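Taking it in order: structure first as structure tokens, then the write-up.
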Amino acid sequence: MKLQQLRYIWEVAHHDLNVSATAQSLFTSQPGISKQIRLLEDELGVEIFARSGKHLTRVTPAGEAILKTAGEILRKVENIKQVAQEFSNDQKGSLSIATTHTQARYALPPVIKSFISRYPEVSLHMHQGTPMQISEMAADGTADFAIATEALELFSDLVMMPVYRWNRCLLVPRNHPLCQTSKLTLEDVAQYPIVTYVFGFTGRSKLDEAFLEKGLSPKVVFTAADADVIKTYVRLGLGIGIVADMAVDEEDEDLVALDASSLFESSVTRIGFRKGIFLRGFMYEFIQQFAPHLTRELVDQAAHASSRAELEELFAGLELPVY
């Protein structure tokens, strides 16, 4: 059994069983990958992939178990490389972040600018996606850090730590009737068509819960994952927008932002990493630049927490900044 063979089966499984695409991504030949997979299966005495002719069709039950262990081995190998790099040159390396559009567009730019200034030889890569995609990218090693607000149950294999609290605002065109309302209520908001985030994105669950508790059925006419897209459709008159406070900037002077913090419970954005990952010095630095209260000591304590309950207890009572 060779490490290369484990890499091949892992990559094939994560390229939708497309051996040709896997070969291109690894800069090798398709026949070479197929041969090595067959040699590994012959050595193990089981099929990792079921086949129809020359095509791989699915991962077998034995393959599922083998791939899980192969992933763990490959991650440990990557940890060894990270340890070596930390001692050979602690200023050089790479850092990958998986997050949503709102975080990438509004919360992270000053952090990334500062980080790149401090570590010019660290290449930074950002992946955007849904909470499910973010979780998968961090869990399988595509990304080092996951930054997200929603769907924490998806992140059971990750150490997730609180960064800041934030809330929402309503975005309406100037002269909209809601601009004349002295004290906004959910009943007021529910009278109008709503343009907001896709379910599962950027605190959307808090919005739905608020209306549900009041027995209201909001008229959500359009949803998007991107706050800038939401603004576009508010400008087109499709409805009133409900977005994260952080998503409003000076470019939105044609719209009026109405504080909605009294209508919805605040949400918490978190940053996390895979359990067992080796954190390099610049990775601690990135975390602390993004969340100054997350000291190296606190991050290490979180990394060694044995359960979600222990992790939550560690951060209980922590006063989070408000974005």
Any chymotrypsin sites (Phe, Trp or Tyr not before Pro) in segment 1-87 that lie in a DSSP loop and have at most 15 other Cβ atoms within 10 Å would be PHE27
Mind listing the long-range amide H neighbours of SER94? Cut-off is under 5 Å, sequence gap 5 or more, other chains count too, H placed in the peptide plane at 1.01 Å from N.
SER123
Distances over 28 Å make up what percent of all Cα-Cα pairs in segment 180-323?
36
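Report the gain in length on full extension from ARG118 to VAL221: 0.36 nm times residue separation, minus Cα-Cα distance, nm rounded to one decimal.
On the way: separation 103, 0.36 × 103 = 37.08 nm, distance 4.45 nm.
Taking 0.36 nm per residue and subtracting the Cα distance, the gain is 32.6 nm.
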Treat every Asp and Glu Cβ in the chain as -1 and every Lys and Arg Cβ as +1, leave all other atoms uncharged, and give the resulting dipole magnitude about the Cα centre to the nearest 20 debye.
800
Under a 10 Å cutoff between Cα atoms, tell me which one of LEU186, LEU17, LEU44 has the largest fluctuation in the Gaussian network model of the chain.
LEU44
Fully extended, how many nm does the chain gain between GLU213 and HIS127 (0.36 nm per residue separation, minus their Cα-Cα distance)?
27.5 nm
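Could you list the trypsin sites (Lys or Arg not before Pro) in segment 119-212 that lie in coil according to DSSP, counting only those with at most 12 other Cβ atoms within 10 Å of their Cβ? Please list the in-between numbers first.
Working: sites: ARG165, ARG168, ARG174, LYS183, ARG204, LYS206; in loops: ARG174, LYS183.
The qualifying sites are ARG174, LYS183.
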With +1 assigned to the C-beta of every Lys and Arg and -1 to the C-beta of every Asp and Glu, and no other charges, what is the dipole magnitude of segment 219-297 about the Cα centre in debye, to the nearest 20?
720
Inter-part gap, Cα centre of segment 254-323 to Cα centre of segment 38-69, in whole angstrom, is 39
What are the principal axis extents of the Cα atoms in the chain, in Å, biggest first?
74, 48, 37
Ignoring everything except DSSP H segments at least 4 long, calculate the 222 nm mean residue ellipticity for the chain; use -39,500 (n - 2.57) per segment, divide by total residues, nearest 500.
-12000 deg cm²/dmol
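Which of the GluC sites (Glu not before Pro) found in segment 63-164 are in a DSSP loop and have at most 13 neighbouring Cβ atoms, other than their own, within 10 Å?
Details: sites: GLU64, GLU72, GLU78, GLU86, GLU121, GLU136, GLU150, GLU153; in loops: GLU121, GLU150.
Counting only loop positions with at most 13 other Cβ atoms within 10 Å, the GluC sites (Glu not before Pro) in segment 63-164 are GLU121.
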Hey, could you get me the Stokes-Einstein D for segment 50-194, Kirkwood radius over alpha-carbon pairs, 4 °C and 1.567 mPa s, rounded to whole µm² s⁻¹?
66
accessible surface per residue for the chain, probe 1.4 Å, DNA/RNA/ligands not counted, whole Å² -> 50
Can you tell me the FRET efficiency between LEU314 and CYS179 if r is taken as the Cβ-Cβ distance and R0 is 35 Å, rounded to the nearest 0.05?
0.20
Can you tell which of THR149, THR185, THR102 shows the greatest fluctuation in a Gaussian network model of the chain with Cα springs below 10 Å?
THR185
Out of ILE147, ILE242, ILE112, a Gaussian network model of the chain with alpha-carbon springs under 10 Å gives the largest mean-square fluctuation to ILE112
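How high is the FRET efficiency between PHE27 and THR69 when r is their beta carbon distance and R₀ equals 25 Å, given to the nearest 0.05?
Numbers: r = 26 Å, r/R0 = 1.03.
Efficiency at R0 = 25 Å is approximately 0.45.
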Could you give the nm distance between label points at ARG38 and GLN91, where each point is 7 Å from its Cα heading toward the beta carbon?
5.1
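Over the chain, what is the relative contact order in whole percent, taking alpha-carbon pairs under 8 Å and six or more residues apart?
The value is 20 percent.
Given a 1.4 Å probe and every protein chain left where it sits, what share in percent of the accessible area of the chain is carbon and sulfur?
On the way: 8360 of 16190 Å².
In the chain, the share of accessible area belonging to carbon and sulfur is 52 percent.
The values are calculated or read from the model by the stated rules, or taken from the named source; none is laboratory data. On a predicted model such as this, the values are computed, not experimentally measured, just so you know. Using ideal geometry, Cβ is built from the backbone for each residue, glycine included, and neighbour counts are taken over all protein chains shown. Note: areas computed on protein heavy atoms with side chains; ligands, DNA, RNA excluded. Shrake-Rupley method; radii C 1.70, N 1.55, O 1.52, S 1.80 Å.
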